[in-house]
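A short write-up of the structure that comes next.
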Amino acid sequence: MPDELPLAHVDGDNLADDEVPFDKLHEECGVFAVYGHPEASNITYLGLYALQHRGQESAGIASCHNRHIYNYRNMGRVADLFTPEVLGRLPGDAAIGHTRYSTAGDTVLLNAQPFTVACNKGRIAVAHNGNITNATELRADLEHDGSIFQASSDSEVVLHLVARSRERTLAGALREALLQLEGAFSLVFLAEDRIIIARDPHGFRPLAFGQMELSGGRLAYVFASETCAFDLIGAVYLGDVDPGEMIIVGPEGMTRERYAPVRDHAHCVFEHVYFSRPDSIVFGRPVEQSREQLGCLLARESPADADVVVPVPDSGVAAALGYSSESGIPFRQALIRNHYVGRTFIEPSQAIRDFGVKLKLNPIRHLLEGKRVVLVDDSIVRGTTSRKIVRMVRGAGAREVHLRISCPPTISPCFYGVDTPCPAELIAANNTVEEIRRFVEADSVAFLSLGGLREAVADHNHDYCYACYTGNYPTELINIQELMTARESRG
């Protein structure tokens, strides 16, 4: 059986035309790992299924059996890729998985993860969530020394650093590699007889761990970007991998160690604002609790004289519930989302592609007609989608539309794993709130304050990163111009 199962052909022209109809930010990916379960690849499949919202471009699973690593990765969604036949060719009691939305590297099959390599440490596979900000410099040094790269993703850099290390053990080589990385990374490694988990010293991206009790009192250990993956497989959430921590799970059990000095925490606050599933616990806090509190504080800061509170589904629902509860204005689910619409690159013409918002949302006219509406959403990025939704609500008969956003204005790009546009494309970086209001054609627009956001996520110890709202980055950006150029080149 080959290590790499056959990869399907992908039409690159279609991928180049890919367009996301919603004016949203997108996180890079989700990762999952399991050790000690006889159906490791099936468990990983379920874990990735629960993490599908974190990335829909590609997915992959690597498993280990008899010190041999098997890997399958492809473009597409988890449920479509991992048929019983494919999973049957991924044997073993240890596996890692990945679902990807690219923020670094092209949207091509070569960048699908996990990556695998054979080196003097044995055969290893890696999956990565985040963005390594000094990847360009590291890659240039590695190529100068003779390393050959197959992909353009920054995740492959980590494998080359491990392979080049003169440390005798895999754990030692990984420690040495991790200390060379800057930026955000939650990494899961699969070796011939163990898994190794690591998180960057600032803890930008979430990474939880838990366990499953098997027959005979045996335990399987699981790791995931979000705890919603544990709920699906019946695992018990034990806590988070600490920032700067490396966890090794193998035949001898689980060991935890700190590979880097303690640094100021910089958890991505956007996980609570938008990206994580509301049924997850992220950074030790329930996401739904944070989002409802965002809405409550938004209602206090920016009240509106209105008849109904309407969320932009699905990410605006929890904040709208909070806004309604605090304001006393009735909550109405007056916009219905079609969950079965994929990305609009599958459509035959640009004329149809322009209907992106209408394909995903449809108003309930009798709930909106003649009403003064508070429309609650999680963010405004470019503003174009917000304008289309405001027009849709007005077209359904709303008398007034007051747009309320449950986070501060997004004024800066993220370099830690959230795919934000360059500043020239961020409407809040170039316009006042009044100018934004005129652009989206609302009767009023208001954003949650930065202080309100801090309060909503209970950030009493300054543990979160707010760079996209402030422009103050918690790490030294090695080459910000190259990072910006890469962001702009993605279109």
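Mind checking which residues of region 146-186 are part of a helix (DSSP H, G or I), closer than 22 Å to LEU110 by Cα and open to solvent by 10 Å² or more (accessible area, probe 1.4 Å)? Passing the criteria: GLU156, HIS160, ALA163, ARG164.
Summed over region 420-445, residues that are touching a helix residue (DSSP H, G or I) at 6+ places or on another chain (Cβ under 8 Å) and under 30 Å from GLU476 (Cα atoms) total 10. Scanning region 280-303 for residues that are in contact with a strand residue (DSSP E or B) (Cβ under 7 Å, 6 or more places away or on another chain) and assigned to a strand (DSSP E or B) yields a single hit, ILE281. Just wondering, is there one or more residues in region 238-257 that are of a type outside the set (Ser, Thr, Tyr), under 17 Å from the mean Cα position of the chain (by Cα) and under 14 Å from GLY417 (Cβ atoms)? Taking every residue of region 238-257 in turn, none turns out to be of a type outside the set (Ser, Thr, Tyr), under 17 Å from the mean Cα position of the chain (by Cα) and under 14 Å from GLY417 (Cβ atoms).
On the given criteria, is GLY383 farther than 19 Å from GLY471 by Cα, surrounded by 17 or more Cβ atoms within 10 Å (Cβ to Cβ) and modelled with pLDDT under 95? Taking the combined requirement at face value, the residue satisfies it.
Within region 74-98, the set of residues being in a strand (DSSP E or B), modelled with pLDDT of 95 or more and either more than 25 Å from the chain's Cα centre (by Cα) or of a type outside the set (Val, Ile, Thr) (or both) comprises ALA94, ALA95, GLY97, HIS98. State whether one or more residues within region 120-137 are part of a strand (DSSP E or B), open to solvent by 20 Å² or more (accessible area, probe 1.4 Å) and touching a strand residue (DSSP E or B) at 6+ places or on another chain (Cβ under 6 Å). Yes. Checked against the criterion of being more than 16 Å from VAL457 (Cα to Cα), at pLDDT below 95, open to solvent by 50 Å² or more (accessible area, probe 1.4 Å) and among the basic types (Lys, Arg), region 257-271 has at least one qualifying residue.
To keep it simple, each residue is scored yes or no on (1) under 22 Å from GLU288 (Cα atoms); (2) β-branched (Val, Ile, Thr); (3) open to solvent by 30 Å² or more (accessible area, probe 1.4 Å).
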| position | (1), (2), (3) |
| --- | --- |
| PHE415 | no, no, no |
| CYS422 | no, no, no |
| GLU434 | no, no, yes |
| VAL445 | no, yes, no |
| GLY451 | yes, no, yes |
| ASP459 | yes, no, no |
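Do any residues in region 162-174 that are within 21 Å of ARG256 (Cβ to Cβ) have Cβ atoms under 7 Å from those of residues that are of a type in the set (Ser, Thr, Tyr), where the two are at least six apart or on different chains, and which pairs are they? Every condition considered, the pairs that remain are ALA173/SER165.
The values are calculated or read from the model by the stated rules, or taken from the named source; none is laboratory data. Fair warning: this is a prediction, and the values are worked out from it, not measured in the lab. All Cβ positions, even for glycine, are placed from backbone atoms using ideal geometry, and neighbour counts span all protein chains on display. Keep in mind that these areas ignore ligands, DNA and RNA; they rest on the heavy atoms of the full protein, side chains included. Shrake-Rupley method; radii C 1.70, N 1.55, O 1.52, S 1.80 Å.
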